[in-house]
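Read the structure below first, then the notes.
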Amino acid sequence: MTRIAFIGAGSTIFMKNILGDALHFEALRDGHFALMDIDPDRLAESAAVARAMIATMGTGATLSTHTDRRAALEGADFVVTAFQIGGYQPCTVTDFEIPKAYGVRQTIGDTLGVGGIMRGLRTVPHLWAVAEDMAQLCPDATLLQYVNPMAINTWALAERFPTLRQVGLCHSVQNTVQELAHDLDLPPHEIRYRVAGVNHVAFFLDLTHRGRDLYPALRVGYAEGRLPKPPLLMPRCANKVRYEVMNHLGYFCTESSEHLAEYVPWFIKNGRMDLIETYAIPLDEYPTRCLEQIADWRAQAEALTNAARIDVPKSHEFAAEIMNAVVTNTLYRIYGNLANTGQTPQLPPGAAVETPCLVDANGVQPTTVADIPPQLVALMRSQINVQELVVRALIDENPAHLYHAAMMDPHTAAELDLRQIRSLVTDLLNAHGDWIPAWARPAKAA
């Protein structure tokens, strides 16, 4: 029996997708699902949804619930992490409101920038605790890591626990293929592509349909104002930033325009509302989305909890595909985030990079991509600079590198001078209090 531990199972809708996907596979459908969350009410809701899915699918799967992480992890074959340390309140609000007072505006704030730096500082110690428990309780298990900031988390895990079997997973590649298919009126499954880079700043190096290069159609459509179409997946984000970056750098980015806008110095600028309007950049989009999702998730959870049967469609997440490939030794191809051991020779060793990976009983194995165009490599390095400094701060317990990371962040540096950045980071560290490690608190960080 395959045992799958889900840490952060109170994320009911995400848990539903991953567990539901697993129930579609013969090798996983009779497994044991150990659901863990620190919120017993949300955990109970998730358990009710999971039981209804198992009943609907008619499998022999079993279920247990835990508020103790170690109990969930013991004997696991796979561990899925999906949690947000500090939640919307207070931490996401803090990550947005304090920078805004300095004139630094964000859209998502969970990957790079001062918001991403603070989220990494809050999150990595908890992922390390999971990895430490895994080393004792399930040393051969594979960690399927869905927590942001993906690159910082993956890099820090690999540094502290180099023998841990782990992969950072995201759905930005799959989502972007859907958006491009929507724009070009093509079936998504017919599009062929090759992607490489760092999470959220990876690019489609090849993009074809039945042997035809799709880039000319994207460029002409953008030049003529026909593209992008109204977005398929993110209704508040018009997707113009990615098209504009493609127009200048030559390639299409895997992450949404609202994300990309805050990773670079070109679009969000004080006194330049014309840029915000021209490229339809949804400032403060993530806090708005959080409030909507909290209400929506509550409504969905109540409906699902009271349902005797639940539809279990298959999602496009990679987690269950990976589990099935490992258990059955069946080759499967994913896009995964792993420490760079040579799969992207143009990027620094050790950095968390996103490339095509092959999965079978040997685990997740990256393939080599050595032809990333130099302008894209330069942009990726600007992201890696920030990520590396956050990882160094965490590994060395050196708060100075948190300031250095913010100083090197492209968007923050485009808006503030060095003294402003230092003051901003100090204010953020003060505000986060016990949510961050003791070594990073202002008494030692000043």
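The values are calculated or read from the model by the stated rules, or taken from the named source; none is laboratory data. Please read these numbers as outputs of a predicted model, since none were measured by experiment. We place every Cβ from the backbone using ideal geometry, glycine too, and count neighbours over all the protein chains shown. These accessible areas exclude ligands, DNA and RNA; they are computed on the full protein's heavy atoms, side chains included. Shrake-Rupley method; radii C 1.70, N 1.55, O 1.52, S 1.80 Å.
Any chance the range 61-75 includes a residue that's surrounded by 23 or more Cβ atoms within 10 Å (Cβ to Cβ) and of a type in the set (Val, Ile, Thr)?
Scanning the range 61-75 turns up no residue that is surrounded by 23 or more Cβ atoms within 10 Å (Cβ to Cβ) and of a type in the set (Val, Ile, Thr).
With a cut-off of at least 2 residues that are under 19 Å from residue 307 (Cα atoms), name the strands (runs of 3 or more DSSP E) lying wholly within the range 1-71.
Values: elements: 3-7, 32-36, 62-66.
Strands (runs of 3 or more DSSP E) meeting the threshold: 62-66.
Any residue that is farther than 21 Å from residue 174 by Cα, in a helix (DSSP H, G or I) and aromatic (Phe, Trp, Tyr) - is there at least one of those in the range 220-229?
Step one: of the range 220-229, the residues farther than 21 Å from residue 174 by Cα are 220-226.
Pick out the ones that are also in a helix (DSSP H, G or I) and you get 220-223.
Now restrict to residues that are aromatic (Phe, Trp, Tyr): 222.
Yes, that holds for at least one residue.
Any chance the range 302-312 includes a residue that's within 25 Å of residue 178 (Cβ to Cβ), polar (S, T, N, Q) and either in contact (Cβ under 8 Å) with a residue 24 or more places away in the chain or open to solvent by less than 60 Å² (accessible area, probe 1.4 Å) (or both)?
Taking the range 302-312 as the starting set, the residues that turn out to be within 25 Å of residue 178 (Cβ to Cβ) are 304, 310-312.
Going one step further and asking which of them are polar (S, T, N, Q), we end up with none.
Within the range 302-312, none of the residues are within 25 Å of residue 178 (Cβ to Cβ), polar (S, T, N, Q) and either in contact (Cβ under 8 Å) with a residue 24 or more places away in the chain or open to solvent by less than 60 Å² (accessible area, probe 1.4 Å) (or both).
One residue is enough: does the range 134-148 have a residue meeting the conditions over 14 Å from the mean Cα position of the chain (by Cα) and closer than 25 Å to residue 406 by Cα? Give the derivation first.
At the first step, the residues of the range 134-148 found to be over 14 Å from the mean Cα position of the chain (by Cα) are 134-143.
Remaining after also requiring closer than 25 Å to residue 406 by Cα: none.
Checking the range 134-148: not a single residue is over 14 Å from the mean Cα position of the chain (by Cα) and closer than 25 Å to residue 406 by Cα.
For the subset of the range 382-396 comprising residues that are open to solvent by 10 Å² or more (accessible area, probe 1.4 Å) and of a type in the set (A, V, I, L, M, F, W, C), which member is farthest from the chain's Cα centre (by Cα)? Give the steps one after another, and end with the answer.
Just the residues of the range 382-396 that are open to solvent by 10 Å² or more (accessible area, probe 1.4 Å), to begin with: 382, 385, 388-389, 392, 395-396.
From the residues that got through so far, the ones that are of a type in the set (A, V, I, L, M, F, W, C) too are 389, 395.
Details: 389: 19, 395: 21 Å.
Among residues in the range 382-396 that are open to solvent by 10 Å² or more (accessible area, probe 1.4 Å) and of a type in the set (A, V, I, L, M, F, W, C), the one farthest from the chain's Cα centre (by Cα) is 395.
Anything in the range 195-213 that is open to solvent by 60 Å² or more (accessible area, probe 1.4 Å) and either polar (S, T, N, Q) or assigned to a strand (DSSP E or B) (or both)? List them, or say none.
Going through the range 195-213, the residues open to solvent by 60 Å² or more (accessible area, probe 1.4 Å) turn out to be 206, 210-213.
Of everything in the range 195-213, those that are open to solvent by 60 Å² or more (accessible area, probe 1.4 Å) and either polar (S, T, N, Q) or assigned to a strand (DSSP E or B) (or both) turn out to be 206, 212, 213.
Based on what the data block shows, is residue 202 closer than 23 Å to residue 292 by Cβ and under 24 Å from the mean Cα position of the chain (by Cα)?
No.
Quick one: which helices (runs of 4 or more DSSP H) sit completely within the range 397-446 and have at least 1 residues that are in contact with an Asp or Glu (Cβ under 7 Å, 6 or more places away or on another chain) and either open to solvent by 50 Å² or more (accessible area, probe 1.4 Å) or touching a residue at least 12 places away in the same chain (Cβ under 8 Å) (or both)? If you could, list the steps in order and put the result at the bottom.
Values: elements: 400-408, 410-415, 418-432, 442-445.
Answer list for the range 397-446: 410-415.
Let me spell it out: the conditions are (1) open to solvent by less than 20 Å² (accessible area, probe 1.4 Å); (2) touching a helix residue (DSSP H, G or I) at 6+ places or on another chain (Cβ under 8 Å); (3) within 27 Å of residue 268 (Cβ to Cβ), and residue 169 meets all of them except one. Which number is the exception?
(3)
Kindly establish whether residue 292 is touching a residue at least 12 places away in the same chain (Cβ under 8 Å) and not hydrophobic (A, V, I, L, M, F, W, C). Even if it seems obvious, please write down each step before you answer.
Working: touching a residue at least 12 places away in the same chain (Cβ under 8 Å): no; not hydrophobic (A, V, I, L, M, F, W, C): yes.
Here the answer is no, as residue 292 does not meet what is asked.
In the range 267-281, what count of residues is obtained for those that are open to solvent by 10 Å² or more (accessible area, probe 1.4 Å) and either touching a residue at least 60 places away in the same chain (Cβ under 8 Å) or not in a loop (DSSP other than H, G, I, E, B) (or both)?
9
If I filter the range 242-252 for residues that are open to solvent by 50 Å² or more (accessible area, probe 1.4 Å), more than 25 Å from residue 43 (Cβ to Cβ) and without any contact (Cβ under 8 Å) to a residue 12 or more places away in the chain, do I get at least one hit? Before the answer, list the steps.
First, the residues of the range 242-252 that are open to solvent by 50 Å² or more (accessible area, probe 1.4 Å): 247-248, 251.
The next check asks that each one be more than 25 Å from residue 43 (Cβ to Cβ); those that pass are 247-248, 251.
From what's left, without any contact (Cβ under 8 Å) to a residue 12 or more places away in the chain: 248.
Checked against the condition, which is being open to solvent by 50 Å² or more (accessible area, probe 1.4 Å), more than 25 Å from residue 43 (Cβ to Cβ) and without any contact (Cβ under 8 Å) to a residue 12 or more places away in the chain, the range 242-252 yields at least one hit.
Report the residue count in the range 214-224 for those that are more than 17 Å from residue 254 (Cα to Cα) and open to solvent by 60 Å² or more (accessible area, probe 1.4 Å).
Final tally of qualifying residues: 4.
Just checking, which of 159, 97, 179 is of a type in the set (Asp, Glu), closer than 29 Å to residue 294 by Cα and open to solvent by 40 Å² or more (accessible area, probe 1.4 Å)? Lay out the reasoning, then the answer.
Values: 159 fails: closer than 29 Å to residue 294 by Cα; 179 fails: open to solvent by 40 Å² or more (accessible area, probe 1.4 Å).
The conditions single out 97.
Of the residues in the range 319-334, how many are within 23 Å of residue 193 (Cα to Cα) and open to solvent by 20 Å² or more (accessible area, probe 1.4 Å)?
Looking only at the range 319-334, we keep the residues that are within 23 Å of residue 193 (Cα to Cα), and these are 319-322, 325, 330-334.
Narrowing the set further to residues that are open to solvent by 20 Å² or more (accessible area, probe 1.4 Å) leaves 321, 330-333.
Qualifying residue count for the region: 5.
Over 25 Å from residue 414 (Cβ atoms), in a strand (DSSP E or B) and either open to solvent by less than 10 Å² (accessible area, probe 1.4 Å) or in contact (Cβ under 8 Å) with a residue 24 or more places away in the chain (or both), is that true of residue 144? Even if it seems obvious, please write down each step before you answer.
Numbers: over 25 Å from residue 414 (Cβ atoms): yes; in a strand (DSSP E or B): yes; either open to solvent by less than 10 Å² (accessible area, probe 1.4 Å) or in contact (Cβ under 8 Å) with a residue 24 or more places away in the chain (or both): yes.
Yes.
Could you list all residues from the range 76-92 that are within 30 Å of residue 270 (Cβ to Cβ) and open to solvent by 40 Å² or more (accessible area, probe 1.4 Å)?
Result: 84, 88, 89, 90.
Would you check if residue 156 is without any contact (Cβ under 8 Å) to a residue 40 or more places away in the chain and either assigned to a helix (DSSP H, G or I) or of a type in the set (D, E, K, R) (or both)?
The answer is no for residue 156.
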